[in-house]
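Engineer: Before I ask anything, here is the structure I am working with.
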Amino acid sequence: MIQKIAWKNVWRNKLRSIILITSIALGIWAGLFMMSLTTGLNTQRIGNAINSGLGHIQIHHPEYTKEYNPKYFIKDTALLSQTLSQIPTIKSWSYHNNFTGMIASPTSGYGVALIGINPLTEKNTTSIHTKIISGTYFTSDKKNQIVIGEKLARKLKVELNNKIVVTFQDTSNNIISGAFRVTGIYKTASSSFDESIAFLNKKDLEKLAGTSSIVNEVIVFLDDVKDVAPTKNNLSTSLPMLQVRSWDDISPELGYANELMSIALSVFILIIILAMSFGIINTMLMAVLERKRELGMLISVGMNKRKVFSMILNETLYISLIGGPIGIIGAWATINHFGKVGINLSSMGKGLDSLGIGSIIYTKLDSQMYLTITIVVVLTALLASIYPSLRALRMNAAEAVRQN
Amino acid sequence: MSLIQVTNVHRVYNETDIPVSALKGVNLSINEGEFTAIVGPSGSGKTTLLNIIGGLDSATDGSLEVAGKNITHLATNELIDFRLNNIGFVFQAYNLIPVLTAKENVEFIMLLQGWEKNKREQRAMQLLEEVGLKEKVNSKPSQMSGGQQQRVAVARALASHPKFVLADEPTANLDSASTNNLLDIMVELNQREQMTFVFSTHDQRVIDRARRVITLEDGQIKSDIYK
Ligand SMILES: Nc1ncnc2c1ncn2[C@@H]1O[C@H](COP(=O)(O)OP(=O)(O)OP(=O)(O)O)[C@@H](O)[C@H]1O
Ligand SMILES: [Mg+2]
């Protein structure tokens, strides 16, 4: 019956309870939605970086990454291939022969990274072939094709099928140039990527440099990003003479952003929780003080402190337990919806583009987070209800029943 | 042996700047089955005395024995239990839980005592019938008149099988018809079941129907008359 009374008491001041329930629901909803937005943002940022070329793991000659000098290439590709094919967590890999060089159009020239790829294997790894906005991705057998980013094309003022001159230093430090035809233009979520990376056929580059087939970079993709650390260890032990780095070794800033966002999120969640607690404390205190006489009467006729305490505690819990699930279910529905259709932020997309996120954000939240938030909300509600409940106990029976 | 034994009770309110001496050495003995009115001018200490007898307030000095038990120094929780099991209360107003029906209000006290549902319901129905509210068992307090609410309060006070019923100005908010009706019920319960009533009042019609009238003045008993 005490639960029943508590439940009925919740609905004595309907408007007030509904306002409190709504604010709890909105708080949770906003908190979860914010989380899903940042999680989505981060996942996309990292995912885009990984898919457009970073890969989960990269393998190089240990000297190569110091100056990106192509003379440090991987000699024993037979062992490499064998090792890669024997590790089950690895989904696919591709071999690159990279050079740093210059691309010149009739109007201007820019320094770029020239990625020499094998078009067949490359499609199993990086996602550039899906980002072509005009032209093709090495579909014909024609020689000296080049695929460049949209931003670089704009800066060079070149269009599809225009010729550009590529200049680079070969493995023996000779300067070599060749004319290439722009057969494809791609656009990824990152404009800085688009202006600094050009893709060429590995064979064309090697022919120009007069070398045999060379591998100075291996991009490895896994089935599951969670396997990065063990796979990296596995590769390091199997290939002690090579440098094996994971995506976050190579681009630690992607990880830092993750940490930074989670700190910002914690602060945000803390503020929501504080606001929620104050809302609960304030409202329930009001409800208790307003019923001073009634509570005094209950204590007078023999309702003991434990029962009064649990009645008020129950009232608070009911309110939280209605508001909480509404907020959580609402957030779940919203996050699921925008996880599918995405939120188009193209109005502010320029900034996001340069961050490598893309202008459509797909919200995303670990199911674990829902559980955590549920626990946090219940705990907050419990803690916040303690003070009003204690306050109810301070009612002095003799005082409360005095009629004036 | 007396049911209520008040011995040299003093009550000084110290919360104010100048301490107020509300009771100045009250000695009083009330026996089982009495129907006692405590009367006196406003501020004479009636409420203070009833609160002390009812274990709602404690005496600054003196001692109090109720049903053979000295309750002067009981701890708060023990006092609450003592009240629950020994005393029925009827206040001037705010007697009932607004969200519950008349029947549930009467049941509530038995629930606190741990009665099982069937017995609770049966006794609540019976008591409400006795106070003439058979038709109102499922009404909320807001759907009843002041007199009806006070009758529910009397039923509630009796539900726990108390040793006596304390009522501080139970008729103060009632019109004369309701006052008479409530008194009829109280007198009837007193005569038929020997239920002891101690109540305070200003109302001459209520005083007229009491069998013992104790007059307080300035915190002391001025007269104590059996009729
Ligand atoms: N909490 C308090 N603090 C200080 N003084 C108090 C307090 N309660 C009562 N008093 C004083 O004690 C005296 C007795 O008060 P009490 O309420 O017992 O009188 P009463 O006979 O019930 O009066 P009434 O007929 O108006 O109800 C009064 O002078 C009152 O002002
Ligand atoms: Mg009084």
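Engineer: What's the number of the condition B:Ile18 fails, among (1) without any contact (Cβ under 8 Å) to a residue 24 or more places away in the chain; (2) away from ligand 1 (no atom under 14 Å from the Cβ)?
Structural biologist: (2)
Engineer: Is it true that B:Val12 is away from ligand 2 (no atom under 16 Å from the Cβ), surrounded by 22 or more Cβ atoms within 10 Å (Cβ to Cβ) and more than 11 Å from every other protein chain (Cβ to nearest Cβ)?
Structural biologist: For B:Val12, the condition - away from ligand 2 (no atom under 16 Å from the Cβ), surrounded by 22 or more Cβ atoms within 10 Å (Cβ to Cβ) and more than 11 Å from every other protein chain (Cβ to nearest Cβ) - is not met.
Engineer: Turning to a different aspect of this structure: Scan B:Ala167, B:Ala159, B:Ala155 and give me the residue that is open to solvent by less than 10 Å² (accessible area, probe 1.4 Å), in contact with a Phe, Trp or Tyr (Cβ under 8 Å, 6 or more places away or on another chain) and within 14 Å of chain A (Cβ to nearest Cβ).
Structural biologist: B:Ala167
Engineer: Specify which of the listed residues (B:Ile30, B:Ile71, B:Ile80) is more than 11 Å from chain A (Cβ to nearest Cβ) and modelled with pLDDT under 95.
Structural biologist: B:Ile71
Engineer: Just give me the residues in region B:51-63 being open to solvent by 10 Å² or more (accessible area, probe 1.4 Å) and either more than 16 Å from ligand 2 (Cβ to nearest atom) or touching a Ser or Thr at 6+ places or on another chain (Cβ under 6 Å) (or both), in sequence order.
Structural biologist: B:Leu56, B:Ser58, B:Ala59, B:Thr60, B:Asp61, B:Gly62, B:Ser63
Engineer: Within region A:172-192, restricting attention to residues that are β-branched (Val, Ile, Thr) and in contact with a helix residue (DSSP H, G or I) (Cβ under 8 Å, 6 or more places away or on another chain), which residue is nearest to A:Ile146 (Cα to Cα)? Before you say what the answer is, go through the steps one by one.
Structural biologist: Let us first name the residues in region A:172-192 that are β-branched (Val, Ile, Thr), namely A:175-176, A:182-183, A:185, A:188.
After this cut, where a residue has to be in contact with a helix residue (DSSP H, G or I) (Cβ under 8 Å, 6 or more places away or on another chain) as well, the list is A:176, A:182, A:185, A:188.
Values: A:Ile176: 16, A:Val182: 5, A:Ile185: 9, A:Thr188: 16 Å.
Residue satisfying both the conditions and the ranking: A:Val182.
Engineer: Shifting gears a bit: For region B:27-55, which residues satisfy the criterion of being over 15 Å from B:Asn8 (Cβ atoms) and more than 12 Å from ligand 1 (Cβ to nearest atom)?
Structural biologist: Correct list: B:Ile30, B:Asn31, B:Glu32, B:Gly33, B:Glu34, B:Phe35, B:Thr36, B:Ala37, B:Gly54, B:Gly55.
Engineer: Same structure, new question: Just name the residue that is farthest from B:Asn180 (Cα to Cα) out of those in region B:111-132 that are buried (at least 21 other Cβ atoms within 10 Å of the Cβ) and more than 7 Å from chain A (Cβ to nearest Cβ).
Structural biologist: Taking the candidates together, the pick is B:Arg120.
Engineer: Which of the residues that make up region A:186-221 are in a loop (DSSP other than H, G, I, E, B) and over 16 Å from A:Phe99 (Cβ atoms)?
Structural biologist: A:Lys187, A:Thr188, A:Ala189, A:Ser190
Engineer: In addition: Give me the pairs: first residue in region B:215-226 and acidic (Asp, Glu) and within 12 Å of ligand 1 (Cβ to nearest atom), second residue open to solvent by less than 90 Å² (accessible area, probe 1.4 Å) and assigned to a strand (DSSP E or B), beta-carbon distance under 8 Å, and six or more apart or on different chains, which are they?
Structural biologist: From region B:215-226, the pairs are B:Asp218/B:Lys24.
Engineer: So which pairs qualify, if the first residue must be in region A:239-264 and β-branched (Val, Ile, Thr), the second must be exposed (fewer than 14 other Cβ atoms within 10 Å of the Cβ), the Cβ gap must be under 9 Å, and the two must be at least 6 apart or on different chains?
Structural biologist: A:Val244/A:Asn233
Engineer: Is it fair to say B:Thr101 is away from ligand 2 (no atom under 16 Å from the Cβ), free of Cβ contacts under 8 Å to residues at least 24 places away in the same chain and closer than 26 Å to B:Leu158 by Cβ?
Structural biologist: Spelling it out, it is not the case that B:Thr101 is away from ligand 2 (no atom under 16 Å from the Cβ), free of Cβ contacts under 8 Å to residues at least 24 places away in the same chain and closer than 26 Å to B:Leu158 by Cβ.
Engineer: Ok, one more. Looking at region A:328-351, is at least one residue at pLDDT below 90 and farther than 30 Å from A:Lys187 by Cα?
Structural biologist: No, there is no match, as no residue in region A:328-351 is at pLDDT below 90 and farther than 30 Å from A:Lys187 by Cα.
Engineer: May I ask you to verify whether B:Lys24 is within 15 Å of the chain's Cα centre (by Cα), of a type in the set (D, E, K, R) and within 16 Å of ligand 1 (Cβ to nearest atom)?
Structural biologist: Taking the combined requirement at face value, the residue does not satisfy it.
Engineer: Hey, another quick one. Restricting attention to region B:197-227, which residues are buried (at least 21 other Cβ atoms within 10 Å of the Cβ), under 16 Å from the mean Cα position of the chain (by Cα) and not in a helix (DSSP H, G or I)?
Structural biologist: B:Phe197, B:Val198, B:Phe199, B:Ser200, B:Thr201, B:Ala210, B:Ile214
Engineer: Yes or no: A:Ile128 farther than 17 Å from A:Ile197 by Cα and either touching a residue at least 24 places away in the same chain (Cβ under 8 Å) or among the charged types (D, E, K, R) (or both)?
Structural biologist: So A:Ile128 does not fit the description; no.
Engineer: If I ask for residues that are closer than 28 Å to A:Lys187 by Cα and without any contact (Cβ under 8 Å) to a residue 12 or more places away in the chain, which ones from region A:25-66 would you list?
Structural biologist: Answer for region A:25-66, where residues must be closer than 28 Å to A:Lys187 by Cα and without any contact (Cβ under 8 Å) to a residue 12 or more places away in the chain: just A:Gly47.
Engineer: Follow-up. Where in region A:1-79 are there helices (runs of 4 or more DSSP H), lying fully within it, with 2 or more residues that are surrounded by 18 or more Cβ atoms within 10 Å (Cβ to Cβ) and in contact with a strand residue (DSSP E or B) (Cβ under 9 Å, 6 or more places away or on another chain)? If you could, list the steps in order and put the result at the bottom.
Structural biologist: On the way: elements: A:2-10, A:14-49, A:64-67.
Per the criteria, A:14-49.
Engineer: Condition first: open to solvent by 10 Å² or more (accessible area, probe 1.4 Å), over 30 Å from B:Lys136 (Cβ atoms), more than 16 Å from ligand 1 (Cβ to nearest atom) and more than 9 Å from chain A (Cβ to nearest Cβ). Can you find one or more residues in region B:85-106 that meet it?
Structural biologist: So far as region B:85-106 goes, no, none of its residues is open to solvent by 10 Å² or more (accessible area, probe 1.4 Å), over 30 Å from B:Lys136 (Cβ atoms), more than 16 Å from ligand 1 (Cβ to nearest atom) and more than 9 Å from chain A (Cβ to nearest Cβ).
Engineer: Identify, from the list A:Arg402, A:Arg293, A:Arg394, the residue that is at pLDDT 85 or above, within 16 Å of ligand 1 (Cβ to nearest atom) and within 14 Å of chain B (Cβ to nearest Cβ).
Structural biologist: A:Arg293
Engineer: Here's a follow-up. Residues being within 14 Å of chain A (Cβ to nearest Cβ) and either away from ligand 1 (no atom under 16 Å from the Cβ) or more than 15 Å from the chain's Cα centre (by Cα) (or both): count how many of those fall in region B:170-196.
Structural biologist: Going through region B:170-196 one residue at a time, the tally reaches 2.
Engineer: Give me the strands (runs of 3 or more DSSP E) completely within region B:1-110, filtered to those with at least 2 residues that are of a type outside the set (A, V, I, L, M, F, W, C), ordered by residue number.
Structural biologist: Working: elements: B:4-13, B:20-30, B:35-39, B:61-66, B:87-90.
Counting at least 2 such residues, we get B:4-13, B:20-30, B:61-66.
The values are calculated or read from the model by the stated rules, or taken from the named source; none is laboratory data. In this text, all values refer to a predicted model and were calculated from it rather than measured experimentally. Because the Cβ atoms are built from the backbone with ideal geometry, glycine has one as well, and the counts that use them run over all protein chains shown. Note: accessible area is taken over every heavy atom of the protein model, side chains too, but ligands, DNA and RNA are not part of it. Shrake-Rupley method; radii C 1.70, N 1.55, O 1.52, S 1.80 Å.
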